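Enquirer: One structure, as structure tokens, below. Some questions next.
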Amino acid sequence: AGLVEAHQRDCIIRSTSKPTRTRRQGSMLEHSSDKQLRAPLVSRNSLEHGRLYVNDFLCAAVAGLSCAPIISAIDKAITTNASGAAAFWPSFWHSMRMLKEKPASLLMSAPFRWIVFVYFSTYLGANVADTYCKIHKRTPTAVVLASSTAANTGATIAKDRAFARMFGIVSAKPLPLPSYGAWFMRDVLTMAFVFSVPPVAAAKLQQHTSLSEGKASVAAQLVVPCAAQLVAAPLHLLGLDFYNSPLSTLTERARAVKAKAATTIMAKSMRVFPAYSLGGIANKSLRTRLNQGTSQKLPSIREESL
């Protein structure tokens, strides 16, 4: 009898506890389902940030396309002048006549496509790095320099290798390692003077002159990249000389670089002006205009994400 009563009590306890457990689990499942239904598929933060990155892509494309016609002519003339295939000015004006008389042919040419690729990559790397740092509250200077340098160096060296083969006087051959080294140093210096130095120079100008913030920024963006060519242009010539004259002595290389340094510094300053001075102003102003609505929301977005 005692065993029967104990068994009955166990059955009663199980029967009363099971509904309680089931009700609790059901409540948890319903709460989880409601939460999943209420959760948005894409957060507002992601949409706002995605818009910023799309704007970065568009601005980089505009910058690359806008500066490619003149820069492709300058780069071709620099390469032919360095190799001895043609003097700088005749080659440059020939390309300008082609742009006027046969624009479709020039715009579809390999030099034009290479220049679009170089400056699209460079500005995209700088824009995306700047946006990432602003979203995550980080100082952008070093990150923008590293990103733009990596993008520009890879694209520019590939372009210079193609130009040396297209417009050189020797048969196409692999680019020697010293050329890569000279051009790498050239690109690091150029990127520093394009993206990192102008904001510092603009702040100094505003501090020591009566220029407004906007005018100081424009002045620095126009002058600083061109000043870098005093060193960058000879490095470019040195890389080309390693390719065109692999057996030259150090003295002969110095003589070759010195002979064409003045023309190349002027030409590289001409190409830096539309590529980074005017291109930088266009890229910055277009990004500011496109990001105006989103940029004002960034502080609140950051606070929510934290």
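Read the figures in this text as sums done on the coordinates, not as results from a lab. Every value quoted in this text rests on a predicted model; they were computed, and no experiment measured them. Cβ coordinates were reconstructed from backbone atoms using ideal geometry, including for glycine residues, and neighbour counts include every protein chain displayed.
Enquirer: Residue by residue through the stretch 194-201, what is 3J(HN,Hα) from phi via Karplus (6.51 cos²θ - 1.76 cosθ + 1.60, θ = phi - 60°)? Round to whole Hz and write x for glycine and proline.
Expert: 3J(HN,Hα) across the stretch 194-201, in whole Hz: 9, 10, 9, 6, x, x, 5, 5.
Enquirer: Quote to one decimal, in nm, the extra length available between Leu230 and Met98 on full extension: 0.36 nm per residue of separation minus the C-alpha distance between them.
Expert: Extending this stretch completely gives an extra 44.5 nm.
Enquirer: Show me, for the stretch 137-148, the HN-Hα J-couplings you get by feeding each phi into the Karplus relation (A = 6.51, B = -1.76, C = 1.60, θ = phi - 60°), rounded to Hz, glycine and proline as x.
Expert: Working through the residues one at a time gives 6, 10, 5, x, 4, 5, 5, 5, 4, 5, 5, 5 Hz.
Enquirer: A further question follows. What does the charge count around Ser285 come to, taking other residues whose C-beta lies under 15 Å from its C-beta (Lys +1, Arg +1, Asp -1, Glu -1)?
Expert: Computed value for this residue: +1.
Enquirer: A follow-up question, please. Taking θ as phi - 60°, what are the ³J(HN,Hα) couplings along the stretch 208-224 by the Karplus curve (6.51, -1.76, 1.60), each to the nearest whole Hz, with x for Gly and Pro?
Expert: 9, 10, 8, 5, 6, 4, x, 5, 5, 5, 5, 4, 5, 5, 7, 8, 4
Enquirer: Find how much the distance from Lys134 to Val200 grows on full extension, using 0.36 nm per residue of separation minus their present alpha carbon separation; answer in nm with one decimal.
Expert: 22.0 nm
Enquirer: So for the pair Ala142, Leu247, with labels modelled 7 Å out along Cα→Cβ, what separation do we get in nm?
Expert: 4.8
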